[in-house]
């Protein structure tokens with residue numbers, strides 16, 4: 001597609017519920033990133049994939065957060081047993097191989113509200 | 001990882017140049033300076049990046065000091081649609097680390 005697509009756009013979850021957030025990167029983009037953005041803050045890095053390999057997950061806040069990209073394209077961020085502090089916008093970004101440029105393209109995000 | 005410092009907020013009159021400063025005094029020799037902006041309810045948008053030379057594209061100009069310890073993003077003719085949070089980022093090894101950014105308000 002023309003851009004990075006994220007779904008759903010909005011998600012309301014009851015505390016303790018599991019959620020799955022989807023990211024469709026730009027076709028051919030090998031790198032994929034997930035960020036968490038709390039209200040009024042800058043995006044915080046969560047994890048990074050190069051193709052299907054998860055090369056950096058240092059930003060995942062707890063073992064309740066899990067991300068995968070099994071075929072090197074679509075990625076899913078899963079949050080188990082959601083807590084109120086998980087309420088945030090979750091942003092996905094993709095980028096082409098380094099030799100094709102440096103720009104990261106972000107999706108519009110999924111706004112998660114845990115009630 | 002290099003850290004950046006930006007003013008929390010700035011105002012600019014419509015049609016005038018907006019000059020957004022950024023300090024990155026601990027930048028390493030192989031780290032690029034990136035600028036992104038985020039308009040309300042959207043994901044961040046790439047603007048421009050540079051290593052040590054000044055850069056210009058259709059959106060903005062980037063001026064990097066000779067010692068690379070600071071840079072300035074210039075929007076030559078700001079419009080109301082340029083109202084956004086602007087992030088200066090020094091890129092460490094493939095991931096973007098965002099700070100708080102500068103909230104730019106362009107006023108009529």
(1) closer than 29 Å to residue B:32 by Cβ; (2) without any contact (Cβ under 8 Å) to a residue 24 or more places away in the chain all hold for residue A:49 apart from (2)
Region B:24-78: strands (runs of 3 or more DSSP E) wholly inside it with 2 or more residues that are free of Cβ contacts under 8 Å to residues at least 40 places away in the same chain are B:45-50, B:61-64
Those residues of region B:82-96 that are surrounded by fewer than 17 Cβ atoms within 10 Å (Cβ to Cβ) and in contact (Cβ under 8 Å) with a residue 12 or more places away in the chain come to a total of 1
Across (1) surrounded by 14 or more Cβ atoms within 10 Å (Cβ to Cβ); (2) without any contact (Cβ under 8 Å) to a residue 40 or more places away in the chain, residue A:72 clears everything bar (2)
Scanning region B:1-54 for residues that are crowded, with 20+ Cβ neighbours inside 10 Å, away from chain A (no Cβ under 14 Å) and over 21 Å from residue A:41 (Cβ atoms) gives B:18, B:27
Considering residues that are within 14 Å of chain B (Cβ to nearest Cβ), more than 14 Å from the chain's Cα centre (by Cα) and within 23 Å of residue B:40 (Cα to Cα), the number found within region A:64-115 is 1
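Coordinate-derived values only; no laboratory data. Please read all numbers here as calculations on a predicted model, not as lab measurements. Backbone-built Cβ (ideal geometry, glycine too); neighbour counts: all protein chains shown.
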